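First up is the structure itself, then whatever we jot down about it.
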Amino acid sequence: MLGPPREAVLLSVTGVVQGVGFRPFVHRLAARHGLSGWVRNGADGVRINVEGTAEDLAAFARALRTESPPLARIEAIERRACAPEGLTEFVIRESEDDSDQRQPVSPDVAVCPACLNELFHPANRRYLYPFITCTDCGPRYTVIEAMPYDRERTSMRAFAQCAACQGEYDTVGDRRYHSETNSCPDCGPRVWLEKGDGTVDADPDPIAATARLLMSGAVVAVRGLGGFHCVADATNGAAVERLRAGKHRDAKPFAVMVRTTTEARALAHVSEAEEQALESRERPIVLLRRLDQTTLAAAVAPGLNTVGVMLAYTPLHHLLIEQVGQPLVMTSGNASEEPIATGNAEARRRLARIADAWLLHDREIVARYDDSVVRMAGSAPVFVRRARGYAPLPVDLPLACPVPLVAVGPHLKNTFTLVHGRRAFVSQHIGDLETLETLEHFRATLDAYKRLFRIEPEVVARDLHPGYLSSRLAEELGLRVIAVQHHHAHIAAVLAEHGVTGRAVGVACDGTGYGDDGHVWGAEVFIADLTTARRVAHLRYAPLPGGDLAARLPWRVALGYLSLEPGAADAFAAAFEGVADRERTLAAQQVARSFNAPLASSLGRLFDAAAAILGVRRVAQYEGQAAMELEALAADCEAEPLPFPLTDDGDGQWQLDPVPLLVALGERRRAGAPVAVLAAAFHDSVARGLAEVAWRAAQLFETGRVALGGGCFLNARLLTSLRAELERRHLEVLVPRQLGPNDGAISYGQAAVAAAILRSEGCIP
Ligand code: ZN
Ligand code: ZN
Ligand code: FE
């Protein structure tokens with residue numbers, strides 16, 4: 001008897017569909033629906049040819065989307081009817097690589113629950129094996145050299161699978177079917193512990209030996225997924241102090257790793273949203289409100305009420321923490337601001353002054369990949385640093401860029417963005433472009449992205465500042481250059497990720513950026529779209545004695561403000577306690593002679609001035625420290641806002657004048673008001689002042705939309721209270737989601753602006 005007629009379709013699936021168990025999934029699905037045909041990887045995604053009844057084909061196509069494996073991200077499925085060939089079975093065919101198309105690469109993700117079970121199951125053949133993975137978990141981006149994703153194009157190439165592993169790899173029903181990182185203790189990478197004298201520790205269990213070292217207070221450099229960590233027992237004050245001394249890091253907080261959310265709850269408050277972030281397969285470091293009484297050494301995060309916590313994400317981490325039984329400080333394996341070390345030889349050399357021993361392995365790290373950092377503003381995560389788990393997934397632009405483009409990003413906290421069409425591949429965190437090592441990291445990572453995604457840029461976008469190393473890098477490329485003002489880039493990044501091409505009010509609250517007028521900007525209100533930003537309001541300018549130096553010397557910022565209101569010396573007095581007369585005189589002369597005292601309208605610096613005047617911090621050990629401490633002090637304190645008047649700058653723009661605000665803070669402190677209440681009042685005054693001017697701009701330019709960008713919005717209290725003020729005025733508020741408010745988003749903003757400009761020109765590069 002003849003059944004219903006058989007038809008055939010060719011499906012092209014694009015998105016993250018390689019290295020994520022997609023082909024075996026398709027195989028299972030085809031079997032379930034009684035279809036014959038084939039599936040294979042191509043350079044632009046996965047191709048599927050299936051034959052069967054129309055009904056079965058339709059059901060199959062639906063399930064492709066709804067049941068796809070956990071790591072897959074389907075962007076599109078293109079469907080073409082073709083002639084049935086009378087195939088009788090379904091097979092997985094060899095990869096083809098015959099086109100110049102491009103596709104996303106999966107980020108690395110945490111070990112999955114199934115693998116974790118096997119890891120601690122004594123009967124499993126991978127019991128305690130630190131490189132256990134399957135198609136649902138483990139390294140991806142950090143092992144891939146080129147696409148399409150096959151073992152021969154990864155650093156797993158060095159490890160030929162044993163018969164048992166090969167069996168799993170070839171068995172369609174197996175969780176490790178075509179798992180390119182598949183290995184076991186017999187055939188995979190190994191770990192060993194190297195001591196300070198360069199000899200290998202004799203203990204047959206190097207992880208147990210490492211745990212003993214950590215418990216005795218040693219600092220161990222541990223090779224991980226995307227680089228080294230410097231590791232110490234987080235409950236051992238002496239060990240953490242030694243780690244600080246070795247890294248030349250006086251005060252910047254360290255992140256801590258534990259195994260479970262329950263363990264995290266012994267250290268910090270964990271909300272439901274924070275729990276979700278901690279346990280997500282991306283496993284970022286989550287900044288949590290620290291408990292008063294914990295086992296953590298004070299040196300982990302001095303002076304802050306927060307602590308960065310992440311859950312173990314590799315099997316090796318699980319094994320190590322299981323043995324140590326304590327939270328571990330896991331800080332990046334580098335000295336001060338250099339990029340993290342990735343290679344064994346490099347780590348031995350660069351971490352020699354920090355580590356007592358090295359826990360090494362022999363799976364080469366193709367891409368350097370820092371831990372990502374998020375914090376919660378309400379229930380939504382805000383990126384502090386976007387890297388592991390997220391990059392190199394693209395963040396779409398609202399409109400396609402007519403030519404391939406690279407945006408080189410800012411000077412500090414650099415990322416770059418490589419664009420093809422609507423896809424913007426935002427790099428992982430690169431770092432501060434101030435050392436040769438970071439510059440090398442930038443170049444190598446850009447080369448890798450160009451190779452992986454097959455994009456050869458024809459136009460380059462850079463910051464407006466001509467002197468930045470990133471600007472010089474851009475000029476060296478010999479392409480057409482489009483310069484983008486820093487804060488326009490901040491606002492454009494937020495508009496673009498929300499798919500907005502029209503105009504909006506942009507509120508940029510930031511440390512510093514080079515302004516159109518040559519002054520230092522950092523608290524600007526724009527009426528902006530992707531191509532242009534017109535400044536309509538700003539913070540009143542004040543001299544910044546010492547320029548960049550002032551970012552670490554809040555008392556200098558206060559001195560600059562005092563020069564605008566010399567009669568307020570008493571109110572400002574606390575800012576200069578403990579400052580040497582000579583230094584103060586020198587700074588005052590810089591202001592008086594306008595020598596190395598650029599005019600600045602930076603909100604980050606205003607936070608510094610307030611912290612100094614409140615006696616909270618006069619000298620900072622890292623940029624942003626004063627503001628973080630001010631936020632910690634304010635906590636959930638209620639306070640009445642103080643005066644923060646809006647005036648005319650005499651040049652057709654509004655200006656917010658912070659001098660009365662600073663004077664009020666100083667006077668109230670002298671009158672005995674609690675510093676915490678004043679810190680809270682400062683936050684709320686700033687939020688209210690900004691909301692007022694943003695609202696006026698929205699009225700004037702007839703838009704109902706406000707975008708918030710810039711590093712100051714890492715301050716959760718500022719972000720949430722400004723947002724609430726704006727929403728009370730019935731404005732739609734766009735906040736950074738996929739990339740975070742700080743300079744990590746600048747390259748994407750530059751790309752969005754350059755793409756919009758190129759489109760408006762009709763696109764000739
Ligand atoms: Zn797994
Ligand atoms: Zn094996
Ligand atoms: Fe910025």
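Among the candidates Leu564, Leu559, the residue that is assigned by TED's automatic domain parsing to the domain that holds Ser721, touching a residue at least 40 places away in the same chain (Cβ under 8 Å), farther than 22 Å from Gly711 by Cα and open to solvent by 10 Å² or more (accessible area, probe 1.4 Å) is uniquely Leu564.
Pairing residues of region 603-624 that are part of a loop (DSSP other than H, G, I, E, B) with residues that are buried (at least 21 other Cβ atoms within 10 Å of the Cβ) and among the β-branched types (Val, Ile, Thr), at Cβ distances under 9 Å and at least 6 apart in sequence or on separate chains, gives no pairs at all.
The residues on offer are Asp657, Asp636, Asp651, and the sole one that is in contact with a Phe, Trp or Tyr (Cβ under 9 Å, 6 or more places away or on another chain) and of a type outside the set (S, T, N, Q) is Asp657. Residues that are outside any loop (DSSP other than H, G, I, E, B) and either under 27 Å from Ser280 (Cα atoms) or open to solvent by less than 20 Å² (accessible area, probe 1.4 Å) (or both) within region 346-377 comprise Ala347, Ala357, Trp358, Leu359, Leu360, His361, Val373, Val374, Arg375, Met376, Ala377, listed in sequence order. For region 615-630, taking the residues that are under 19 Å from Ala574 (Cβ atoms) and of a type in the set (D, E, K, R), the one that is nearest to the chain's Cα centre (by Cα) is identified as Glu629. Close Cβ contacts (under 8 Å, 6 or more residues apart or on different chains) running from residues in region 143-167 that are closer than 13 Å to His178 by Cα to residues that are within 16 Å of ligand 1 (Cβ to nearest atom) and outside any loop (DSSP other than H, G, I, E, B) comprise Gln161/Tyr169.
Scan region 252-275 for residues that are part of a helix (DSSP H, G or I) and in contact with a strand residue (DSSP E or B) (Cβ under 6 Å, 6 or more places away or on another chain) and the total you get is 3. Looking at region 288-296, is at least one residue surrounded by 21 or more Cβ atoms within 10 Å (Cβ to Cβ), of a type outside the set (D, E, K, R), without any contact (Cβ under 8 Å) to a residue 60 or more places away in the chain and in contact with a helix residue (DSSP H, G or I) (Cβ under 9 Å, 6 or more places away or on another chain)? Yes - at least one qualifying residue is present in region 288-296. Determine whether region 734-747 contains at least one residue that is free of Cβ contacts under 8 Å to residues at least 24 places away in the same chain and over 18 Å from His487 (Cβ atoms). Within region 734-747, none of the residues are free of Cβ contacts under 8 Å to residues at least 24 places away in the same chain and over 18 Å from His487 (Cβ atoms).
Val525 meets the stated requirement of being buried (at least 24 other Cβ atoms within 10 Å of the Cβ) and assigned to a strand (DSSP E or B). Only one entry in Gly389, Gly303, Gly308 is within 17 Å of the chain's Cα centre (by Cα) and either assigned to a loop (DSSP other than H, G, I, E, B) or within 16 Å of ligand 3 (Cβ to nearest atom) (or both), namely Gly389.
Table: residues versus (1) open to solvent by 40 Å² or more (accessible area, probe 1.4 Å); (2) in a loop (DSSP other than H, G, I, E, B); (3) within 14 Å of ligand 3 (Cβ to nearest atom).
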{"position": "Val419", "(1), (2), (3)": "no, no, no"}
{"position": "Glu440", "(1), (2), (3)": "yes, no, no"}
{"position": "Asp447", "(1), (2), (3)": "yes, no, no"}
{"position": "Val481", "(1), (2), (3)": "yes, no, no"}
{"position": "His490", "(1), (2), (3)": "no, no, yes"}
{"position": "Leu495", "(1), (2), (3)": "no, no, no"}
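Among the conditions (1) crowded, with 23+ Cβ neighbours inside 10 Å; (2) touching a helix residue (DSSP H, G or I) at 6+ places or on another chain (Cβ under 8 Å); (3) farther than 23 Å from Glu631 by Cβ, Ala387 misses just one, which is (2).
Tell me whether region 262-270 contains one or more residues that are crowded, with 22+ Cβ neighbours inside 10 Å and closer than 19 Å to Ala387 by Cα. No; the residues of region 262-270 include none that is crowded, with 22+ Cβ neighbours inside 10 Å and closer than 19 Å to Ala387 by Cα. Between Val9, Val91, Val26, the distinction of being closer than 25 Å to Asp174 by Cα, touching a strand residue (DSSP E or B) at 6+ places or on another chain (Cβ under 6 Å) and buried (at least 21 other Cβ atoms within 10 Å of the Cβ) belongs to Val26 only. Among the residues here, Leu399 qualifies as open to solvent by 10 Å² or more (accessible area, probe 1.4 Å), under 28 Å from Gly710 (Cβ atoms) and of a type in the set (A, V, I, L, M).
Test each condition in (1) away from ligand 3 (no atom under 16 Å from the Cβ); (2) farther than 22 Å from Ser601 by Cβ; (3) not in a helix (DSSP H, G or I) for Glu667 and report the one that comes out false. That leaves (3) as the condition not met.
One line per residue, one yes/no per condition, for (1) in the same structural domain as Ser12 (by TED's automatic domain parsing); (2) away from ligand 3 (no atom under 16 Å from the Cβ); (3) at pLDDT below 95; (4) within 26 Å of the chain's Cα centre (by Cα):
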residue	(1), (2), (3), (4)
Ser99	no, yes, yes, no
Ser106	no, yes, yes, yes
Asn124	no, yes, no, no
Leu128	no, yes, no, no
Phe159	no, yes, no, no
Gly167	no, yes, no, no
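One residue alone among Arg125, Arg80, Arg93 is within 16 Å of ligand 1 (Cβ to nearest atom) and over 30 Å from Pro284 (Cβ atoms), and that residue is Arg125. For region 449-461, taking the residues that are assigned to a helix (DSSP H, G or I) and modelled with pLDDT of 95 or more, the one that is least open to solvent (accessible area, probe 1.4 Å) is identified as Tyr449.
Would it be correct to say that Leu700 is under 28 Å from the mean Cα position of the chain (by Cα) and away from ligand 2 (no atom under 16 Å from the Cβ)? Taking the combined requirement at face value, the residue does not satisfy it. Within the set Lys450, Lys413, the sole residue that is in contact with an Asp or Glu (Cβ under 8 Å, 6 or more places away or on another chain) and on the phi > 0 side of the Ramachandran plot turns out to be Lys413. Being touching a helix residue (DSSP H, G or I) at 6+ places or on another chain (Cβ under 8 Å) and more than 15 Å from ligand 2 (Cβ to nearest atom) is the filter here, so list the residues in region 143-155 that pass it. Val143, Ile144, Glu145, Ala146, Met147, listed by residue number. Residue check: Lys252 meets all listed conditions (1) modelled with pLDDT under 95; (2) within 16 Å of ligand 2 (Cβ to nearest atom); (3) among the charged types (D, E, K, R) but one, namely (2). Within region 498-520, residues that are part of a loop (DSSP other than H, G, I, E, B) sit with their Cβ atoms under 6 Å from residues that are open to solvent by 30 Å² or more (accessible area, probe 1.4 Å), at 6+ positions apart or across chains, in these pairs: Arg503/Asp529; His519/Leu599.
The values are calculated or read from the model by the stated rules, or taken from the named source; none is laboratory data. On a predicted model such as this, the values are computed, not experimentally measured, just so you know. Reconstructed Cβ throughout: ideal geometry from the backbone, glycine too, with neighbour counts over all protein chains shown. Ligands, DNA and RNA are stripped out before the accessible areas are found, and what is left, the full protein with its side chains, is counted by its heavy atoms. Shrake-Rupley method; radii C 1.70, N 1.55, O 1.52, S 1.80 Å.
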